[in-house]
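Trainee: Mind having a look at this structure? Questions to follow.
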Amino acid sequence: MSAPEGVIVTMDGPAGTGKSTVALKLAQRLGLEMLDTGAMYRAAAVVAIDEGVAADDGEALAARIAEEGLVFDWSQRPPRLLLGGRDLTERIRDQDVNTVVSIVARQAPLREALVRAQREIGHRHPRLVTEGRDQGSVVFPDAAVRFYLDAHPEVRARRRVEQMRSQGRPADYEAVLRAIQQRDLLDETRTDGPLVCPAEAQRIDTSLLTLPQVVDELERRVRARVPAGLLASPCAAVRA
Ligand code: DC
């Protein structure tokens, strides 16, 4: 829960809506910190792959994470993610992690542990833009502002293909679209913390917007709802 002087902004939505990039830029503009909760589920997927823990054994994954200690290094922007002192920031983006993480993220005992950890982070870092699938619906239902970012699956697939090709990786549009639809279905149909747009959340369809346009729109909406004294003043120098 946010402290009285805190400002928590949640951003949920499916993969490929640009949430991480938007959350980071929005946090910079508003003078807030940024929490990428997908990174925590990805770290659990790395535990499954690298340590041989079954991806559907949520108890064992939660126990390993508790033993080793999953922490963010808040001295960096965006914060780096460490598990037992090992920096996983790059490892969690590998292709094998993408494949396993949806299974891992369905496990209720793991979700309980990570939701608890996210609330503790919110307590210690109460000036936060936090992004994921359940931040406004489950983790911070009292957040000052809650957003739900969406885009047509075809648009998200096209963005992902462009991103992969720009990294020199081969990408097949049809395969990427199928993977996105599959991941949406898994995220939306799990019983614990499913991907939903909370009734009070502000829904933004990013299909026809560029990332800077999305950031501008969200900044405008947060400033309209949060007292100016709690946010960094609008400043051309930090705009990107
Ligand atoms: O946003 P992402 O692609 O890094 O998320 C990785 C996976 O974790 C994805 O399958 C959705 C899941 N996730 C979740 O279930 N709850 C969150 N709060 C964040 C991510």
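Bear in mind these aren't lab numbers, they're just calculated from the coordinates by the rules spelled out. From a predicted model like this one, the values you see are computed outputs, not experimental measurements. Quick reminder, even Gly has a Cβ in these numbers, built from the backbone with ideal geometry, and neighbours come from all protein chains shown.
Trainee: If you take the square roots of the eigenvalues of the alpha-carbon gyration tensor of the chain and sort them as a ≥ b ≥ c, do you get rounded (a/c under 1.5), prolate (a/b over b/c) or oblate?
Mentor: Oblate, since a/c reaches 1.5 and b/c is not below a/b.
Trainee: Let me ask something else about it. Would you work out which of Gly122, Ala201, Val214 lies farthest towards the positive end of the dipole of region 115-240, given +1 charges on the beta-carbon of Lys and Arg and -1 on that of Asp and Glu, about the Cα centre?
Mentor: With unit charges placed on the Cβ atoms, the residue in question is Gly122.
Trainee: Projecting each Cα onto the charge dipole of the chain (Lys/Arg +1, Asp/Glu -1 at the beta carbon, about the Cα centre), which of Val71, Gly13, Gln182 comes out farthest on the positive side?
Mentor: Checking the options against the dipole of the chain, the answer is Gly13.
Trainee: Based solely on its DSSP helices, what 222 nm [θ] is calculated for the chain when runs of n ≥ 4 H residues each add -39,500 (n - 2.57) and the sum is averaged over all residues, nearest 500 deg cm²/dmol? Walk me through the numbers on the way to the answer.
Mentor: Values: 8 runs with 111 residues, N = 240.
Mean residue ellipticity, 222 nm, calculated: -15000 deg cm²/dmol.
Trainee: Would you please classify the overall shape of region 78-221 from the alpha carbon gyration tensor, given that a ≥ b ≥ c denote the square roots of the eigenvalues, rounded means a/c under 1.5, and beyond that prolate means a/b larger than b/c while oblate covers the rest? Numbers along the way, then the final one.
Mentor: Working: a/c = 1.45, a/b = 1.15, b/c = 1.25.
Rounded, since a/c falls under 1.5.
Trainee: While we're looking at this one, here's another question. Using a simple charge model, +1 on the beta-carbon of Lys and Arg, -1 on the beta-carbon of Asp and Glu, nothing else, what dipole does region 67-144 show about its Cα centre, in debye to the nearest 20? Each step should come with its number before you reach the end.
Mentor: Details: 12 positive and 12 negative charges, 39 e Å.
Here region 67-144 has a charge dipole of around 180 debye.
Trainee: Dipole magnitude of region 113-159 about its Cα centre, charges +1 at Lys/Arg Cβ and -1 at Asp/Glu Cβ only, in debye to the nearest 20?
Mentor: Working: 9 positive and 6 negative charges, 29 e Å.
Here the size comes out at about 140 debye.
Trainee: Under a 5 Å amide H to amide H cut-off, with H placed in plane at 1.01 Å, what residues pair with Ile204 once short-range neighbours are removed?
Mentor: Placed amide hydrogens put Tyr148, Leu149, Asp150 under 5 Å from Ile204.
Trainee: Please state the shape class of region 158-240: rounded when a/c is under 1.5, otherwise prolate if a/b exceeds b/c and oblate if not, all from the C-alpha gyration tensor. It would help to have the intermediate numbers written out before the result.
Mentor: Working: a/c = 3.13, a/b = 1.43, b/c = 2.19.
Taking the square roots of the gyration eigenvalues as a ≥ b ≥ c, region 158-240 is oblate.
Trainee: What FRET efficiency comes out for the pair Arg165/Leu186, r = Cβ-Cβ distance, R0 = 30 Å, nearest 0.05?
Mentor: Details: r = 25 Å, r/R0 = 0.84.
Computed FRET efficiency for Arg165 and Leu186: 0.75.
Trainee: Using the Karplus equation 6.51 cos²θ - 1.76 cosθ + 1.60 (θ = phi - 60°), what ³J(HN,Hα) coupling, rounded to whole Hz, does each residue of region 40-49 give in order, writing x for Gly and Pro?
Mentor: 5, 5, 5, 4, 5, 5, 5, 4, 4, 6
Trainee: Suppose every K and R has +1 on its Cβ and every D and E has -1 on its Cβ; what is the size of the dipole of the chain about the Cα centre, in Debye to the nearest 20? Provide the component values of the computation, followed by the final result.
Mentor: Details: 33 positive and 35 negative charges, 178 e Å.
Rounded to the nearest 20 debye, it is 860 debye.
Trainee: Restricting to DSSP loop positions (anything but H, G, I, E, B) with no more than 15 other Cβ atoms inside 10 Å of their own Cβ, which GluC sites (Glu not before Pro) remain in region 106-210? Working shown, then result.
Mentor: Numbers: sites: Glu112, Glu120, Glu131, Glu154, Glu162, Glu174, Glu188, Glu200; in loops: Glu200.
Qualifying residues, ordered by number: Glu200.
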